[in-house]
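Read the structure below first, then the notes.
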Amino acid sequence: MVEFLETTGVTAALRKLILDTKLYLYLISPYVQLSDRSKELLKEVDSVPGIKITFFCRKDGKISMDDLNFLQMKLQNVQVYEIKNLHAKCYLNENTAIITSMNLYQFSQENNREMGIKVEKSDGV
């Protein structure tokens, strides 16, 4: 199933995608500013045995030291990769993918007009 999402829909779908993770979670966003709620969601997923979280962000300092420390020090099952010139925004787990214009950035979620698509795996696949 494919669904078009606007800003609030992207935010809601991303929260659900994070919470529904059973095996792996990939978060790809060049600019990162984690809200307190995002941190709570990531802690919740990180506490589930066997789940692996992989985080990709832009290499040139587009993530605060506080957020980087949170990801690397407060979470047990996360790997963070910094990539030069990253511009893609994609969030996925084993069943759902969201491809969007929205960064994992609190300001974007609250102030910008964003769009994206959510693709979910069919039951038979």
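For the reader, a short list of remarks on this structure follows.
- Of (i) 52, 29, 19; (ii) 46, 39, 25; (iii) 40, 36, 26, the label for Cα extents along the principal axes in Å derived from the coordinates: (iii)
- The share of accessible area on the chain that comes from carbon and sulfur is 51 percent, using a 1.4 angstrom probe.
- The length gained on full extension between K39 and K52, counted as 0.36 nm times the residue separation minus their Cα-Cα distance, comes to 3.1 nm.
- Approximate spin-label separation N85-N111, in nm, with each point projected 7 Å along Cα-to-Cβ: 2.8 nm
- Looking at the chain, the accessible area is 58 square angstrom per residue; that uses a 1.4 Å probe and ignores ligands, DNA and RNA.
- In the context of the full protein assembly, D66 retains an accessible surface of approximately 120 Å², using a probe radius of 1.4 Å and ignoring ligands and nucleic acids.
- DSSP beta bridges fully contained in the stretch 14-125 are about 45 percent antiparallel.
- Computed accessible area, T21, all protein chains, 1.4 angstrom probe, square angstrom: 10 Å²
- Working note: Karplus 6.51/-1.76/1.60 with θ = phi - 60° gives the stretch 93-106 the couplings 10, 5, 10, 9, 10, 10, 10, 8, 8, 8, 6, 7, 9, 3 Hz, where Gly and Pro are set to x.
- Taking each residue as 0.36 nm, the span from D123 to Y26 lengthens on full extension beyond its C-alpha to C-alpha distance by 32.8 nm.
- Residues whose amide H lies under 5 Å from that of Y105, counting only those 5 or more places away or on a different chain, are Q33; hydrogens are built 1.01 Å from N in the peptide plane.
- Stretching the chain fully between D60 and E6 yields a gain of 16.6 nm (0.36 nm per residue, less the alpha carbon separation).
The values are calculated or read from the model by the stated rules, or taken from the named source; none is laboratory data. Since the model is a prediction, treat every value here as computed from it, not as a measurement. A quick note on method: Cβ atoms are made from the backbone with ideal geometry, for glycine too, and the neighbour counts reach across all protein chains shown. Calculation scope for accessible area: heavy atoms of the full protein, side chains included, ligands and nucleic acids excluded. Shrake-Rupley method; radii C 1.70, N 1.55, O 1.52, S 1.80 Å.
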